[in-house]
Amino acid sequence: TEHEGRIIQNRSEDSIIREVEDIRDKVPGFTGVISDLGGPTANMYRLACKSKAIESACRRPSCVYPGICKNLNTDHSSLTQLYRKTRKLPGIKKVLIASGLRYDLAVEDPEYVKELVTHHVGGYLKIAPEHTEQGPLSKMMKPGIGSFDRFKELFEKYSKEANKKQYLIPYFIAAHPGTTDEDMMNLALWLKKNNFRADQVQAFYPSPMATATAMYRSGKNPLSRVTYKSDSVEAVKSPEQRTLHKAFLRYHDPKNWPLLRTTLEKMGRTDLIGKGEHQLIPKGQPYGEKDYKSPRRKNSSSVHQRRTIKKNKAGKILTQHTGLPPRSTH
């Protein structure tokens, strides 16, 4: 919205079909797979305000936050038709949708979700809930985690009906303005409950022309009227707090456990330390994992240390950035 505008710009169906044909005919070594038919708004093709008069007068910063506007057309039939025409083109084996999906809009049209899951997912689909807590989500103008849960149900249902093993890759962010330590703790608990383990962590950095950057710099929320009485927005700026927020996202990494234990003790949440199903981290460290600030891998530890760690693999966790359980180490 901030960089590309609130109103979706749509190419004609013929224009898109011609580009697909050009890729097929002109790209050397083309395998027949269109890797991503969409863009930043993968499922908002032809979605627009039902009234041009209302659209021209509207001053809402978003058509989908804090809820989907009643004047927004959420019919995905034009996009479904485009999918079907594209995948029927000669020489086109597969058309994938890789990212950019607004799942809060997708759940409004279950037939679209069925079409997407049945024909246009290459095993994994990336979506971005970003967080589970209302504090940071409201600053991002993102839907609540309930929308993700509903989409996940439909995704799994239609994947099963199509007899396909497919997985969602949810992206989450650390250190976004408006995020507290407790918010990150609750996100970590949600991740553990849903058996998600992230290999990579995305942390917020201020960028030009972003509302979040204004929050980060001013400590105020420009999404609502700003006065001297306005509530302040907490910005995560110190290296220590940023490290902590990233550690909560990677709660399963033994290198982060000492920091998380210390933090949970300060927060009065020692009930989350232990091996129970509803606890976040264990009380002790596995062998060879003592410090959450790990040395650089390249020649930074002694030969003896490397041999010892290689010999004693207990506690090593191999995670996948797919939400899948750890791979077997055998």
Within region 209-226, how many residues are in a loop (DSSP other than H, G, I, E, B) and touching a His at 6+ places or on another chain (Cβ under 7 Å)?
1
Being touching a residue at least 60 places away in the same chain (Cβ under 8 Å), in contact with a strand residue (DSSP E or B) (Cβ under 8 Å, 6 or more places away or on another chain) and more than 30 Å from Pro222 (Cα to Cα) is the filter; apply it to region 16-64 and report the residue that is surrounded by the most Cβ atoms within 10 Å (Cβ to Cβ).
Ile34
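Would region 54-64 turn up any residue that is in a helix (DSSP H, G or I), among the polar types (S, T, N, Q) and not assigned by the TED database to the domain that holds Met140? Can you show your working first?
From region 54-64, those in a helix (DSSP H, G or I) are 54-57; that's our starting set.
Then drop every residue that is not among the polar types (S, T, N, Q), which leaves 56.
Add one more test, that the residue is not assigned by the TED database to the domain that holds Met140, and what stays is 56.
The answer is yes, given that some residue of region 54-64 is in a helix (DSSP H, G or I), among the polar types (S, T, N, Q) and not assigned by the TED database to the domain that holds Met140.
Being assigned to a loop (DSSP other than H, G, I, E, B) and of a type in the set (Val, Ile, Thr) is the filter; apply it to region 1-53 and report the residue that is farthest from Glu108 (Cα to Cα).
From region 1-53, those assigned to a loop (DSSP other than H, G, I, E, B) are 1-12, 27-32, 35-48, 50-51; that's our starting set.
Next, from what is left, pick out any that are of a type in the set (Val, Ile, Thr): 1, 7-8, 27, 31, 41.
On the way: Thr1: 20, Ile7: 19, Ile8: 18, Val27: 37, Thr31: 34, Thr41: 16 Å.
That would be Val27.
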I'm checking my understanding of the structure. Among residues of region 248-277 that are exposed (fewer than 14 other Cβ atoms within 10 Å of the Cβ) and in contact with a Lys or Arg (Cβ under 8 Å, 6 or more places away or on another chain), which one is modelled with the lowest pLDDT?
Lys275
Looking at Tyr45, Tyr112, Tyr65, Tyr83 in this structure, which one is aromatic (Phe, Trp, Tyr), in contact with a helix residue (DSSP H, G or I) (Cβ under 7 Å, 6 or more places away or on another chain) and within 19 Å of Gly5 (Cβ to Cβ)?
Tyr45
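Tell me which helices (runs of 4 or more DSSP H) are completely within region 89-181 and hold 3 or more residues being surrounded by fewer than 21 Cβ atoms within 10 Å (Cβ to Cβ), or say none if there are none. Explain how you work it out, then say what you get.
On the way: elements: 103-106, 110-119, 134-140, 145-161.
Passing ranges, in order: 110-119, 134-140, 145-161.
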Pick out the one residue from His304, His330, His321, His245 that is assigned to a helix (DSSP H, G or I), at pLDDT below 50 and of a type outside the set (Asp, Glu).
His304
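Residue by residue through region 132-144, note down the ones that are on the phi < 0 side of the Ramachandran plot and out of contact with any strand residue (DSSP E or B) (no Cβ under 6 Å at 6 or more places or on another chain). Lay out the reasoning, then the answer.
Within region 132-144, the subset on the phi < 0 side of the Ramachandran plot is 132-140, 142-144.
Matches in region 132-144: Thr132, Glu133, Gln134, Gly135, Pro136, Leu137, Ser138, Lys139, Pro143, Gly144.
For Lys164, state whether it is within 29 Å of His119 (Cβ to Cβ) and more than 17 Å from the chain's Cα centre (by Cα). Can you show your working first?
Values: within 29 Å of His119 (Cβ to Cβ): yes; more than 17 Å from the chain's Cα centre (by Cα): yes.
Spelling it out, Lys164 is indeed within 29 Å of His119 (Cβ to Cβ) and more than 17 Å from the chain's Cα centre (by Cα).
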Answer yes if at least one residue in region 76-94 is without any contact (Cβ under 8 Å) to a residue 40 or more places away in the chain and at positive phi, and no otherwise.
no
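Applying the selection to region 227-239, what residues are part of a loop (DSSP other than H, G, I, E, B) and either more than 23 Å from Arg6 (Cβ to Cβ) or modelled with pLDDT under 90 (or both)? Give the steps one after another, and end with the answer.
Taking region 227-239 first, the residues part of a loop (DSSP other than H, G, I, E, B) are 227-238.
Within region 227-239, Thr227, Tyr228, Lys229, Ser230, Asp231, Ser232, Glu234, Ala235, Val236, Lys237, Ser238 qualify.
For (1) over 18 Å from Ile97 (Cβ atoms); (2) among the charged types (D, E, K, R), each residue gets a yes or a no:
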site	(1), (2)
Gly123	no, no
Lys126	no, yes
Glu130	yes, yes
Asp149	yes, yes
Ser159	no, no
Lys164	no, yes
Leu168	no, no
Phe172	yes, no
Thr179	yes, no
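The values are calculated or read from the model by the stated rules, or taken from the named source; none is laboratory data. Computed from a predicted structure; not experimentally measured. Cβ coordinates were reconstructed from backbone atoms using ideal geometry, including for glycine residues, and neighbour counts include every protein chain displayed.
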